[in-house]
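Step one of this worksheet: look at the structure below.
The values are calculated or read from the model by the stated rules, or taken from the named source; none is laboratory data. Being a predicted model, the structure only gives us computed values, none of them experimental. In this analysis, Cβ positions are derived from the backbone assuming ideal geometry, glycine residues included, and neighbour counts consider all displayed protein chains. Keep in mind that these areas ignore ligands, DNA and RNA; they rest on the heavy atoms of the full protein, side chains included. Shrake-Rupley method; radii C 1.70, N 1.55, O 1.52, S 1.80 Å.
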Amino acid sequence: MASTSSGGTVDLPGFFADLVRCETRLYNALNDRLRERHGIVTSQFEALRYLRDHPGSRVADLAAEFAIGIGATSKTIDRLEKQGWAVRQPNPADRRSSLLALTDNGTQLVDAAEKTFTTKVAELIGGTLDNSSARAAAQALSKLRSVLERNQIGTPTG
């Protein structure tokens with residue numbers, strides 16, 4: 001846990017390690033809380049929330065948003081469908097793809113889970129970082145993500 005050296009320069013390997021370990025621990029804590037309260041995990045919550053907020057999305061749209069492969073995304077949707085939380089509908093503009101939609105049960109689930117998610121994120125991050133530090137971290141990560149996405153860095157090939 002050493003993102004900065006004594007000279008004030010950023011230890012980039014240390015920064016990377018801190019970033020990845022924080023993401024893993026936050027994700028795991030959110031998994032535990034969502035599973036306990038709603039019977040879902042974070043990846044399912046994120047997919048449900050994306051479908052709620054982007055009606056008529058395709059599997060490819062989710063894959064691009066989450067930087068995961070089409071196959072993994074399709075399996076995620078299969079699982080959501082099996083639970084009765086999402087459905088695939090014919091795409092009138094392209095018969096090769098389907099449009100995704102939440103069911104009423106999926107909408108109710110994601111709305112309830114979002115309250116749990118937001119509360120836990122506030123507890124984990126807001127309980128550790130003051131508002132100024134959280135804002136600076138959010139701005140830095142948003143800028144980094146924007147550059148990575150714009151340059152298609154880390155985009156899966158399948």
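Per the helix-only calculation at 222 nm, which mean residue ellipticity applies to the chain, given -39500 (n - 2.57) for every DSSP H run of n ≥ 4 and division by its residues, nearest 500 deg cm²/dmol? Please list the in-between numbers first.
On the way: 6 runs with 98 residues, N = 158.
So the helix-based figure for the chain works out to -20500 deg cm²/dmol.
Compute the angle between helix 42-53 and the longest alpha-carbon principal axis of the chain, please, reported from 0 to 90 degrees and rounded to the nearest 10.
60
What is the distance in Å between the Cα centres of the stretch 81-117 and the stretch 9-54?
A separation of 21 Å, based on Cα centres.
How large is the accessible surface per residue of the stretch 1-122, computed with a 1.4 Å probe and reported in Å² as a whole number?
Numbers: 7470 Å² over 122 residues.
Ligands and nucleic acids excluded, the result is 61 Å² per residue.
Rounded to the nearest 0.05, what FRET efficiency is calculated for N105 and F15 with R0 set to 35 Å and r the Cβ-Cβ distance?
On the way: r = 42 Å, r/R0 = 1.19.
Efficiency, from the Cβ-Cβ distance: 0.25.
Compute the helix-to-body angle for 12-38: its Cα long axis versus the longest principal axis of the chain, expressed 0 to 90° and rounded to tens.
40
What distance in nm lies between label points placed 7 Å from Cα along the C-beta direction at S142 and E36?
For the pair S142/E36, the computed spacing is 3.1 nm.
Which residues does a label at A60 reach in the stretch 117-158, if reach means a backbone N under 16 Å from a point 7 Å past the Cα toward the Cβ?
156-158
Mind putting a number on the dipole of the chain about its Cα centre? Charges go on the C-beta only, +1 for Lys and Arg and -1 for Asp and Glu, and I need it in Debye to the nearest 20.
That gives the chain a dipole magnitude of about 280 debye.
Amide H of A86: which non-local residues (sequence gap of 5 or more, or other chain) have their own amide H closer than 5 Å, using H built in the peptide plane?
E81, T103
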